[in-house]
Amino acid sequence: MTASRTAPVPHEGPLLSVRNVDIGYRTGRRTLLTTVHDVSFDLHPGQSMALVGESGCGKTTLGLGLLRLLPRTGLVSAGEIRFRRKDGDTVDIRSMAKEDLRRFRWSEAAMVFQGAMNAFNPVLRIEDHFVDTFRAHETGRPRRRKEILEESAALLEMVRLDPARVLGSFPHELSGGMRQRSLIALALALEPQLLILDEPTTALDLLTQRAIVERLCELREALRFSMVFITHDLGLAAELADRVGTMYAGRLIETGTTRDIFHRSRHPYTSALIGSVPPVSGDLIVPESLPGSPPGPSSPLPGCSFAPRCGHAVDLCRERRPEPEVLHSRGDGLSHTVACLRSRELAAEGATRD
Amino acid sequence: MIDRSVPPTADPAPGTATNAASNPALLSLHGVHQVFPGPRGDVPAVAGVDLEVRPGKALCLVGESGCGKTTTARMAAGLAAPTRGSVLFRGRNIDAMDKKERSGFRRAVQYIHQDPYASLNPVRTVHSTVSAGLRRHRMVADRREARRVTAELLERVDLTPAEDFLDKYPHQMSGGQRQRVAIARALAMNPEVIIADESTSMLDVSIRVSLLNTLGRLRDELGVGFLFITHDLAVAKYFAWDGEIAVMYLGKVVERGPTPRVVNDPRHPYTKALISAVCEPDPDLARTRERVRLRDADIPDLTDLPPGCDFHPRCPVYAQGVCDTHRPPLVRDHDRLLACHVAGQG
């Protein structure tokens, strides 16, 4: 373990600063279907942010777009993604050259993809994945395999896996939870400052999910990396995030601290989403249903995209698109921002969770 | 071990094991076993399970993957014959049924699968899928009646207006809409029992609640009995609040009782671990509550089960000399059935 891992990150503004980002997919030679619109947020060193929302609202596209990992047809078509590198320089990920981007990914910002079950190459042993990763980012003299394996073993121990059992195994020989933990260890191999996780616990059993959540908490405590994780599990967001951003139809419609979102959410969609998952402990709380589904990207609405499903929508909501408005300005990217024309009125009426 | 700041409501719901006599079981499993032969020896997927499904009530089977929930459900539906034990429908062993009785059983007990992307035939329209059973069981006279009945069924599962959906193909619909089609297909048979195997787990939370409410109406208004399989304890709690929860571990039921009792006052250390592992949608609750720490994170192999209690290698309250030598039987303990040497003493 090197010193940089435990050293506190100096506070000099955000690690990641996303401004007015649009992401789209090419559907023809000149046509671009924009699926993520005008997203802005800051992520400070050591912070963890959850992106929540229903499927198809652009969470994964945004996560991939941040590291320019979109499929060939995908494209960040507007905005800035500024990242403060290990050497202190700030770069716009959008304008990075290919080779620079290749070095940057994994060593400074790593991603744990959705469905860890399938993220490994099935014909390579786990140890080969580690060796390949380390070798691909080597700058000086190639390191000995033995040396790399020792470091890999230390990483696996951090996620409470037995390196003797795991390193020599093929992916199919490990359980889903073991594979997910191996993938997290691999993502942390080059000490990135940012880790993006797409649905890190989906499709895993309850006790396995719990183990992953605990490992992530411990690792964050020890290594102080920042985290953006995408989930549809609001419980996971409540537990693991410092901040939560709600996405709807490709827009970030509310961001705030985890307590802002869960106790004082000011967007009717966030409130409805939280109201639809009751807690397990305590008396029966009847969850609210949220009928309908989000509009598709090919049929954008002139006004607020949630208006057709919103119980509080008025005519103005269907005509004018709400811009994100800062409700409480706090430093370090902890402000509470909401994009709803009626948020103040509704809070006064007690209709949202305020 | 869990937050009990809200006092659990104690009344066991009617229809649970406490007043079984007034509400006889429609479908019951008696000591069913299912052993699959495997390359490394026999796999006892289900090892001696007793369950009853009563009209208008839900019985939720919860547990982790591989604990035998689906295998149990398949035996209950007559889709797999138990290697030992019996399945009774209205008191009649389904294995001893003649062709006509069997056909009646097939109609009365319907199965809704987990994955609405796989359970609907992609080349059939909604009308064709939903009306197939109606035609097969001669429940409609002609095409026009089939179409009318199908439309009514679609309305009942909130696919409205039905005319918009009748001629659609699965790929033209969302996951929630497809799952509603699967429910309409089950409903077409006027079922007395619905076996729902993780039927809401692939859907978004927003859709999940309205689908559970649709199923809840069938339970409350039509008196359909439910065997409801889920790994989501919040879903189990909501859907079976008036019914029962049975917790399965490695092919056996380890705790079973009225839902409010099991959820708010779990007694088996495995149930306690499951409930305390849930990520609660409340940041204060999520960060303050105590968690059960297991001694071992991994589930034992079904082909190489430990001696004594199956859970003892992971159990935080394991008592040496008892738990590792004797298997605890599932016995009545006040308000529930419990299989634990340690928790059962209190």
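Listed here are the helices (runs of 4 or more DSSP H) enclosed by the stretch B:82-168 that have at least 3 residues being surrounded by fewer than 18 Cβ atoms within 10 Å (Cβ to Cβ): B:99-108, B:126-136, B:143-156. Consider the stretch A:160-195 and keep the residues that are part of a loop (DSSP other than H, G, I, E, B) and closer than 13 Å to A:F130 by Cβ. The one that is farthest from the other protein chains (Cβ to nearest Cβ) is A:L190. Restricting attention to the stretch B:8-53, which residues are of a type in the set (D, E) and either modelled with pLDDT under 85 or part of a loop (DSSP other than H, G, I, E, B) (or both)? The answer is B:D11, B:D42.
Identification of helices (runs of 4 or more DSSP H) wholly contained in the stretch A:237-354 with 2 or more residues that are away from chain B (no Cβ under 14 Å) and over 25 Å from the mean Cα position of the chain (by Cα) yields A:315-319, A:343-349. For B:L218, state whether it is within 27 Å of B:V109 (Cα to Cα), surrounded by fewer than 21 Cβ atoms within 10 Å (Cβ to Cβ) and more than 12 Å from chain A (Cβ to nearest Cβ). Yes; evaluated as a whole, the condition is true for this residue. Quick one: in the stretch B:276-295, of everything that is within 19 Å of A:L204 (Cα to Cα) and among the basic types (K, R), which residue is nearest to the other protein chains (Cβ to nearest Cβ)? Among residues in the stretch B:276-295 that are within 19 Å of A:L204 (Cα to Cα) and among the basic types (K, R), the one nearest to the other protein chains (Cβ to nearest Cβ) is B:R291. So B:E255 passes all but one of these: (1) under 28 Å from B:D197 (Cβ atoms); (2) within 14 Å of chain A (Cβ to nearest Cβ); (3) charged (D, E, K, R). Which condition number does it fail? Of everything listed in (1) under 28 Å from B:D197 (Cβ atoms); (2) within 14 Å of chain A (Cβ to nearest Cβ); (3) charged (D, E, K, R), B:E255 misses just condition (2). The residues listed here are B:A273, B:A236; of these, the one that is at the interface with chain A (Cβ under 10 Å from one of its Cβ atoms), in contact with a helix residue (DSSP H, G or I) (Cβ under 9 Å, 6 or more places away or on another chain), buried (at least 24 other Cβ atoms within 10 Å of the Cβ) and modelled with pLDDT of 90 or more is B:A236.
Output the number of residues of the stretch A:95-137 satisfying the condition of being acidic (D, E) and part of a strand (DSSP E or B). So the answer is 0.
The one condition from (1) more than 13 Å from chain A (Cβ to nearest Cβ); (2) farther than 19 Å from A:G282 by Cα that B:H268 does not meet is (2).
The values are calculated or read from the model by the stated rules, or taken from the named source; none is laboratory data. Owing to the predicted nature of the structure, the values given are computational and were not obtained by experimental measurement. Note that we place each Cβ from the backbone using ideal geometry, even for glycine, and neighbour counts take in every protein chain shown.
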